[in-house]
Each structure stands twice: as structure tokens, then as C-alpha cells.
1. With the requirement that a residue be assigned to a loop (DSSP other than H, G, I, E, B) and closer than 18 Å to VAL116 by Cα, what does segment 51-68 give you?
2. For segment 83-118, which residues satisfy the criterion of being among the hydroxyl-bearing types (Ser, Thr, Tyr), modelled with pLDDT of 95 or more and assigned to a loop (DSSP other than H, G, I, E, B)?
3. Would you please name the residue that is least open to solvent (accessible area, probe 1.4 Å), looking only at residues in segment 53-74 that are within 16 Å of ALA33 (Cα to Cα) and charged (D, E, K, R)?
4. Would you be able to say whether some residue in segment 24-42 is open to solvent by 50 Å² or more (accessible area, probe 1.4 Å), within 30 Å of THR102 (Cβ to Cβ) and in contact with a helix residue (DSSP H, G or I) (Cβ under 8 Å, 6 or more places away or on another chain)?
5. Filtering segment 22-35 down to residues that are hydroxyl-bearing (Ser, Thr, Tyr) and in a strand (DSSP E or B), which residue is nearest to the chain's Cα centre (by Cα)?
6. SER84 - would you say it is open to solvent by 60 Å² or more (accessible area, probe 1.4 Å), among the small types (Gly, Ala, Ser) and more than 11 Å from CYS22 (Cβ to Cβ)?
7. Of these, VAL48, VAL78, which one is without any contact (Cβ under 8 Å) to a residue 60 or more places away in the chain, within 14 Å of THR98 (Cα to Cα), touching a Gly at 6+ places or on another chain (Cβ under 9 Å) and in a strand (DSSP E or B)?
8. Just to check your reading of the model, which residue among ARG71, ARG19 is assigned to a strand (DSSP E or B), out of contact with any Pro (no Cβ under 7 Å at 6 or more places or on another chain), free of Cβ contacts under 8 Å to residues at least 40 places away in the same chain and among the basic types (Lys, Arg)?
Amino acid sequence: QVQLVESGGGLVQPGGSLRLSCAASGSIFSIYATGWYRQAPGKQRELVATITSTGITNTADPVKGRFTISRDHAKNTVYLQMNSLKPEDTAVYYCKATTVTTTVSDYWGQGTQVTVSS
């Protein structure tokens, strides 16, 4: 079992920056990969960025060059640094951890709201 808590969301002006945090607890050793997803009103949830247990990262095209995913293993925390924010980045951002034991399981955080507006 893994518990995830996101933080760092809020209201920011276009062009501004935010850093989201995802703190994990529980069976941390079993986490294979962690990802950030977002969901805007009326839209399906979409992948933003992922990072594997070995540190390999991938970023979706709409945020490539602006968002960076990273980890601090000692703190059991994954971050999403968001720069040059645009109104279309407005969404609820969710952290997901994928664990591999005898099965493959996904665990989701509660989400944190990011609003980009003047």
C-alpha cells in the first residue's frame, strides 16, 4: 500500500512558476515509477510527466521545455517544476505511483489545483 499527498498548487499569473510536490509513504520500496497527470474541466485526464525508479524521465509534448520532473529519494518525494505557465495549464494535477510486487498496482493522490490567470 502506498499513500500519496500532493502539495504546491495555487493561483499564478501567466508566465509564472510553481513547484508541485508528491510525498509518498507506505511500501516505498515497491514503487516502479511515478507520474504527474492533470485534468481540466470537461477534459480527460492526461499524462504530464513520468520518472522511473532508476531516474529516467519523460515529459509530454505540451509541457516539454517548461516542466521538469525530478525526485528526492531521501525524502520520498517527487517534484514537478512548472515554468512559463499558460492559462491552458489550468487543471487539477494528480500524482500517481505504480508499484510492482506480485501484481502491478496504481495509487493516486488527492490532487492539487493549479490555476493560471491574470
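The values are calculated or read from the model by the stated rules, or taken from the named source; none is laboratory data. All values reported here derive from a predicted model rather than from experimental measurement. Quick reminder, even Gly has a Cβ in these numbers, built from the backbone with ideal geometry, and neighbours come from all protein chains shown. Ligands, DNA and RNA are stripped out before the accessible areas are found, and what is left, the full protein with its side chains, is counted by its heavy atoms. Shrake-Rupley method; radii C 1.70, N 1.55, O 1.52, S 1.80 Å.
1. Residues of segment 51-68 assigned to a loop (DSSP other than H, G, I, E, B): 53-56, 60, 64-66.
If the condition is that a residue be assigned to a loop (DSSP other than H, G, I, E, B) and closer than 18 Å to VAL116 by Cα, then LYS64, GLY65, ARG66 are the ones that fit.
2. Within segment 83-118, SER84, THR90, SER117 qualify.
3. Applying the filter and picking the extreme gives ASP72.
4. Looking through segment 24-42, none of the residues is open to solvent by 50 Å² or more (accessible area, probe 1.4 Å), within 30 Å of THR102 (Cβ to Cβ) and in contact with a helix residue (DSSP H, G or I) (Cβ under 8 Å, 6 or more places away or on another chain).
5. Start the filter on segment 22-35 by keeping residues that are hydroxyl-bearing (Ser, Thr, Tyr), which leaves 25, 27, 30, 32, 34.
From what is left, the residues that are in a strand (DSSP E or B) are 25, 32, 34.
Details: SER25: 16, TYR32: 15, THR34: 8 Å.
If we take residues in segment 22-35 being hydroxyl-bearing (Ser, Thr, Tyr) and in a strand (DSSP E or B), then THR34 is nearest to the chain's Cα centre (by Cα).
6. On the way: open to solvent by 60 Å² or more (accessible area, probe 1.4 Å): yes; among the small types (Gly, Ala, Ser): yes; more than 11 Å from CYS22 (Cβ to Cβ): yes.
Yes.
7. On the way: VAL48 fails: within 14 Å of THR98 (Cα to Cα).
Checking each option against the conditions leaves just VAL78.
8. Numbers: ARG19 fails: free of Cβ contacts under 8 Å to residues at least 40 places away in the same chain.
Result of the check over ARG71, ARG19: ARG71.
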